[in-house]
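**Q** Here it is, the structure in full.
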Ligand code: ATP
């Protein structure tokens, strides 16, 4: 058994502080039956920018670097300065978005249990854009795809298929019939890596066909691996098909470090009113424990993750829900209900 683990918690803006307290209540309720966690609250985002002049203060970055994993609540307008900077500085090259259907969520179909693994560092989102100038105005975006980044995201995806132990299939999504060189390189790299994982099935799909199949037969997917822009779009689609963003966690993962965050934003319209649904952030904390379990070989973390997931979905199945998903519970009431199902006393 490993631990204790140092967890950096960026409490964020808008509903961030409220859902952060909810996560702390749930982690605290793991008590002696979970891994030892020591959580350090940190500031980043709009509030930090106002107070310190930097959206990602040096002290926060240093504390995140020192920690074993980071939990990040949503930040406001300065999100790019925080999230993109952390991804770059910590080389978190894989964006991981699971989508799973549950009977108590408005999923389009039953049996959805998939994950989208998106390359996080290259493609059109790298922001290499230029004005072409001249009398006829034009603008150019550079799409750079490298073999190194493609191979490493493919390895992550195949590893993920093994860790999940489900359908054991990786689907590489691209548009190599049109973008022959860039997506051709990406698809080729994925196919080459597939040969190293004979126990995992491999197939390929054009991105337009994938968008269609995510609606027609989402339950057939296991792990999708794709480039940055396609992955951004497809992961919002898959979350929605599986029942909405209300309970959708996400991770940014590198070789040695990972950061976990809810899919939704800072929701300033409901901030400070105890109306926010903390399920997505609580499930992000469960995802963090699962990652700690795999990266440190600590089965206790995986057990704790499973307990939290069952507690969240058990509470929701019993009708304990916040207003956004048709319930009448406050943020802290939902967190207490989840904590109560974990057996220990909430902190
Ligand atoms: P961003 O622009 O960073 O995506 P946002 O808060 O404007 O942030 P969304 O996260 O898409 O955008 O949220 C849209 C709306 O959905 C919010 O304004 C809020 O009313 C609602 N919402 C989002 N997250 C939650 C949540 N966790 N609980 C309850 N309502 C939420």
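The values are calculated or read from the model by the stated rules, or taken from the named source; none is laboratory data. This is a predicted model, so every value here is computed, not measured. Positions of Cβ are backbone-derived with ideal geometry, glycine not excepted, and every protein chain shown enters the neighbour counts.
**Q** Restricting attention to the stretch 25-40, and to residues there that are free of Cβ contacts under 8 Å to residues at least 60 places away in the same chain and surrounded by fewer than 17 Cβ atoms within 10 Å (Cβ to Cβ), which single residue is farthest from the ligand (Cβ to nearest atom)? Spell out how you get there, then give the answer.
**A** First, the residues of the stretch 25-40 that are free of Cβ contacts under 8 Å to residues at least 60 places away in the same chain: 36-40.
Now narrow it down to the ones that are surrounded by fewer than 17 Cβ atoms within 10 Å (Cβ to Cβ): 36, 38, 40.
Working: 36: 28, 38: 26, 40: 23 Å.
Residue satisfying both the conditions and the ranking: 36.
**Q** Name the one entry in 315, 279, 323 that is free of Cβ contacts under 8 Å to residues at least 60 places away in the same chain, crowded, with 21+ Cβ neighbours inside 10 Å, over 24 Å from residue 9 (Cα atoms) and within 16 Å of the ligand (Cβ to nearest atom).
**A** Going through 315, 279, 323 in turn, the sole match is 315.
**Q** Give the number of residues within the stretch 1-49 that are more than 25 Å from residue 76 (Cα to Cα) and in a loop (DSSP other than H, G, I, E, B).
**A** So the answer is 8.
**Q** Given (1) part of a helix (DSSP H, G or I); (2) touching a residue at least 12 places away in the same chain (Cβ under 8 Å); (3) surrounded by fewer than 23 Cβ atoms within 10 Å (Cβ to Cβ); (4) near the ligand (Cβ under 8 Å from one of its atoms), identify the lone condition not met by residue 269.
**A** With respect to (1) part of a helix (DSSP H, G or I); (2) touching a residue at least 12 places away in the same chain (Cβ under 8 Å); (3) surrounded by fewer than 23 Cβ atoms within 10 Å (Cβ to Cβ); (4) near the ligand (Cβ under 8 Å from one of its atoms), residue 269 is out only on (2).
**Q** Go through 65, 88, 109 for me and flag whichever is modelled with pLDDT under 95, in a helix (DSSP H, G or I) and surrounded by fewer than 17 Cβ atoms within 10 Å (Cβ to Cβ).
**A** Criteria check complete, one pass: 88.
**Q** Still on this structure, I have one more. Could you say whether any residue in the stretch 183-193 is in contact with a strand residue (DSSP E or B) (Cβ under 8 Å, 6 or more places away or on another chain), at positive phi and at pLDDT 95 or above?
**A** No; the residues of the stretch 183-193 include none that is in contact with a strand residue (DSSP E or B) (Cβ under 8 Å, 6 or more places away or on another chain), at positive phi and at pLDDT 95 or above.
**Q** Inside the stretch 243-258, can you point out the residues that are within 16 Å of the ligand (Cβ to nearest atom) and either in a loop (DSSP other than H, G, I, E, B) or closer than 26 Å to residue 145 by Cα (or both)? I'd like the intermediate steps shown before the answer.
**A** Of the residues in the stretch 243-258, the ones within 16 Å of the ligand (Cβ to nearest atom) are 243-250, 252.
Once the filter is applied, which keeps residues that are within 16 Å of the ligand (Cβ to nearest atom) and either in a loop (DSSP other than H, G, I, E, B) or closer than 26 Å to residue 145 by Cα (or both), the stretch 243-258 yields 243, 244, 248, 250, 252.
**Q** Return yes when residue 225 is more than 16 Å from the ligand (Cβ to nearest atom), within 25 Å of residue 294 (Cα to Cα) and assigned to a strand (DSSP E or B) and no when it is not.
**A** yes
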